[in-house]
Each structure stands twice: as structure tokens, then as C-alpha cells.
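The values are calculated or read from the model by the stated rules, or taken from the named source; none is laboratory data. Quantities reported herein were computed from a predicted structural model and do not represent experimental measurements. Here the Cβ is made from the backbone with ideal geometry for all residues, glycine too, and neighbour counts use every protein chain on show.
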């Protein structure tokens, strides 16, 4: 489970108010690396909106875990469902 009610798109891990925003979402999955993959997309979208270079595929743990066959990192194989409560 990933809490993205409030997030920061740059300058972490310490708090940088300049890069804070409120996506207001929570991600859930049995595959924690798939959550990281989707979370990375959300952060990259915000980085683009604020004229910061996106991180892209630079998340080494995602690439390494997928290469070992431990998780799914291919975005086309990750199903995303939006649930509004």
C-alpha cells in the first residue's frame, strides 16, 4: 500500500515545501514493485508539470527485481483500476 495523499516530486528524502503537492491517492497491490512503477509515473508526471526532468527508468530496484523475474515491471502488464469512494 502506498499513501500518496501528500507527496514530494523532488529534493527528498528531506522535506522541501517547494516540491510538495497533494495527489490525494492511495495505491494498493500485491506487488510492491508494481506500486513503485505506477508511483514513479505519478511523480514523473508532476515533475514534467513543474519543469523538472523526469526520473524515467532510473529506479534501479524496479529494473533489478524485474530482471530477476521477481516482479512485473512492464507497464503494459500492470492493471490499474481507479476506485472512487
Which pairs do you get when a residue that is under 24 Å from residue 57 (Cα atoms), found in the range 74-85, comes within reach of a residue that is at pLDDT 85 or above and part of a loop (DSSP other than H, G, I, E, B), reach meaning Cβ atoms under 9 angstrom, with the pair 6+ apart or on two chains?
-> 78/29
Give the range 35-61 a look and list any residue that's over 11 Å from the mean Cα position of the chain (by Cα) and either modelled with pLDDT of 85 or more or buried (at least 17 other Cβ atoms within 10 Å of the Cβ) (or both), or say none.
-> 47, 48, 49, 50, 51, 52, 53, 54
